[in-house]
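Bear in mind these aren't lab numbers, they're just calculated from the coordinates by the rules spelled out. The structure presented is a predicted model; accordingly, all values stated were derived computationally and were not measured. Note: ideal-geometry Cβ built from the backbone for every residue, glycine included; neighbour counts use all protein chains shown.
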Amino acid sequence: MTGDAALADGTYEVLVVDADDLTDGPGLRLELTVVSGEHKGEVVAVAAAGMAGEVFELLGMPGRLTVADGVPAFELDR
């Protein structure tokens, strides 16, 4: 995750608001906005690997961001 403050460990409902190919390797850079709870409206950036589909297909997709020991894991709701 990037930004001034990392999200605390937990599970967050999120929406993909931006997606780009990583310039320094395989995978994607995703910007996610938290859609509920005390962090609602916060935007976090994560690197993701192994996601199928085109970058533009991810925009607006809902998902779940789980943070465990400060390490984020993102899963799309399909």
Inset, instruction - Can you give me the number of residues within segment 8-53 that are in contact with a strand residue (DSSP E or B) (Cβ under 9 Å, 6 or more places away or on another chain) and farther than 18 Å from ARG78 by Cβ? - result: 24
Legend entry - For GLY60: the one exception among (1) loosely packed, with under 15 Cβ neighbours inside 10 Å; (2) more than 16 Å from ASP77 (Cβ to Cβ): (2)
Inset, instruction - Pick out the one residue from PHE74, PHE56 that is touching a strand residue (DSSP E or B) at 6+ places or on another chain (Cβ under 6 Å) and aromatic (Phe, Trp, Tyr). - result: PHE74
Legend entry - Residue among THR11, THR33, THR23 that is touching a residue at least 40 places away in the same chain (Cβ under 8 Å) and of a type in the set (Val, Ile, Thr): THR11
Inset, instruction - Look at segment 36-63 and say how many of its residues are more than 11 Å from LEU15 (Cβ to Cβ) and in contact (Cβ under 8 Å) with a residue 40 or more places away in the chain. - result: 3
